[in-house]
Structure formats: structure tokens, C-alpha cells
Amino acid sequence: MPQQPPLHIVSSPEAVWQQPGLPLDAAPGPCNLLSTGRHRHEWEGFGGCFNELGWDALQRLDPAARREILDGLFGEEVLHLEIGRLPMGASDYALSWHSYDETDGDLELSDFSIERDRERLFPFVKEALARRPGVVFTRYQIVDAVKGEDYPVTDRSVDVQIVGLRKKLKKYGKLIETVRGVGYRFSAQARTGAA
């Protein structure tokens with residue numbers, strides 16, 4: 001397959017998903033990556049962060065263009081992103097500041113709610129999962145995503161944290177499935193949008 005030129009897409013409040021082109025010195029050329037021979041971490045793939053601003057930009061596109069971009073990001077043919085991070089609460093890429101419990105002093109988290117994520121993040125995740133059905137996250141992938149590489153943890157401690165997360169998510173906790181001996185995945189109900 002012939003080498004494709006790099007694709008450069010930028011968005012601004014005035015114009016979303018524009019392709020301005022790249023300067024001539026950004027054209028594909030020989031690789032200048034130096035290999036030292038040291039092995040530090042097993043390569044698990046490329047990924048990104050699901051976020052409200054990204055989903056908002058995608059929603060401004062017509063359905064065919066949105067589908068083409070999502071296929072390019074998560075499908076088998078183009079980027080094939082394999083790792084997706086979810087922000088907990090507001091991040092730099094949220095539409096506005098928020099938390100999962102806006103009630104002062106609610107230490108029991110009785111007003112805990114993920115409704116905002118159900119509206120603004122879950123659809124993005126579901127689109128990615130539709131292109132990668134049944135993907136399983138190992139316990140170590142989960143720990144790396146939350147705590148970073150080389151964080152000391154046992155399989156059982158991850159399982160205990162998942163049990164706690166399911167309890168906090170209340171009726172939505174059932175959307176996290178255990179894959180015995182491997183890790184966790186979103187249930188078929190979550191992947192199909194029936195949740």
C-alpha cells in the first residue's frame with residue numbers, strides 16, 4: 001500500500017474538523033526513531049481520551065461524516081485505537097465544570113449521578129465499542145489507566161475496587177462484566193445501548 005501523507009485536522013469555535021494541510025517539511029520521510037535496545041514496557045497500542053468536547057465536535061457533523069471519522073479512529077482499517085481513557089468528573093475537555101455529586105456535605109453520595117456522562121460520554125464510548133465489540137480490559141490495563149505504570153497491586157485488590165465501583169454505580173453497576181481469569185468488559189447491554 002502506498003504511503004499516505006499525514007492527515008491534519010483542526011477545530012475552532014468558528015470551524016470544526018478542518019483540514020488546513022501541513023507545511024512541506026511535515027511530509028513523510030525516513031524514520032528518525034532511535035532504538036536503545038532497552039525494554040521498559042510491553043506495547044499495548046495507541047489510544048486517546050473520550051471527552052465532552054470531542055463528542056460535541058462529532059455531533060456537529062452530518063451522520064455520514066461522523067461515521068467516517070469514528071470508523072477511522074476505532075475501526076480496523078485506519079488508526080485502530082485500542083485504549084480509551086475516561087475522565088472522572090470535569091477535565092480540560094469538558095464543556096463545563098461538574099462533579100458526580102453537586103450536594104455539599106453529601107458524604108454518603110446519596111445524590112451521586114452519572115447522568116451527565118450518560119448523555120455526553122457514554123454515546124462516544126458506545127460508538128467506539130460498536131467498532132470493537134467485546135473488548136476486554138485486563139486488571140493491569142485498568143490499574144495503568146488509573147494509577148500509572150508499575151503501580152504495585154494484586155488481582156484481588158482490583159476485584160475489590162470493581163465491586164465498590166459497581167455498588168457506587170447502583171443500577172448501572174451491572175454494566176461491568178467480569179471475564180474470569182482476564183479482567184472486565186462492558187456488558188452486551190451497555191455495548192448495544194440498551195442500558
>> Just to be sure I understand the filter: pairs with C-beta atoms under 6 Å, separated by 6 or more residues or on different chains, first member in segment 99-111 and within 15 Å of Lys171 (Cα to Cα), second member in a loop (DSSP other than H, G, I, E, B). Which pairs pass?
In response: Leu109/Asp101; Asp111/Asp101; Asp111/Thr103
>> Quick check on segment 69-89: of everything there that is among the small types (Gly, Ala, Ser) and closer than 30 Å to Asp101 by Cα, which residue is surrounded by the most Cβ atoms within 10 Å (Cβ to Cβ)?
In response: Gly84
> Out of all the residues in segment 121-140, which are of a type in the set (D, E, K, R) and not in a loop (DSSP other than H, G, I, E, B)?
Replying inline: Lys126, Glu127, Arg131, Arg139
> Since Val163 meets every condition but one in (1) surrounded by 15 or more Cβ atoms within 10 Å (Cβ to Cβ); (2) of a type in the set (A, V, I, L, M); (3) at pLDDT 80 or above; (4) under 26 Å from Glu108 (Cα atoms), which condition does it not meet?
Replying inline: (1)
> Checking Met88 against (1) assigned by TED's automatic domain parsing to the domain that holds Arg66; (2) at pLDDT below 80; (3) aliphatic (A, V, I, L, M); (4) over 13 Å from the mean Cα position of the chain (by Cα), which test does it fail?
Replying inline: (4)
> What residue, of Arg191, Arg156, is part of a helix (DSSP H, G or I), touching a helix residue (DSSP H, G or I) at 6+ places or on another chain (Cβ under 8 Å), of a type in the set (D, E, K, R) and modelled with pLDDT under 85?
Replying inline: Arg191
> Which of the following residues is closer than 18 Å to Phe186 by Cα and of a type in the set (Asp, Glu): Glu77, Glu115?
Replying inline: Glu115
> For segment 20-39, does any single residue satisfy the condition of being farther than 25 Å from Gly134 by Cα, modelled with pLDDT of 75 or more and charged (D, E, K, R)?
Replying inline: no
> Would you pick out the residues in segment 172-188 that are modelled with pLDDT of 85 or more and under 16 Å from Ile114 (Cα atoms)?
Replying inline: Gly173, Lys174, Ile176
> Which of the following residues is over 15 Å from the mean Cα position of the chain (by Cα), modelled with pLDDT under 85, surrounded by fewer than 16 Cβ atoms within 10 Å (Cβ to Cβ) and not in a helix (DSSP H, G or I): Asp150, Asp111?
Replying inline: Asp150
>> For segment 45-68, which positions are surrounded by 14 or more Cβ atoms within 10 Å (Cβ to Cβ) and of a type in the set (S, T, N, Q)?
In response: Asn51
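The values are calculated or read from the model by the stated rules, or taken from the named source; none is laboratory data. Since this is a predicted model, take the numbers as computed values, not measurements. Reconstructed Cβ throughout: ideal geometry from the backbone, glycine too, with neighbour counts over all protein chains shown.
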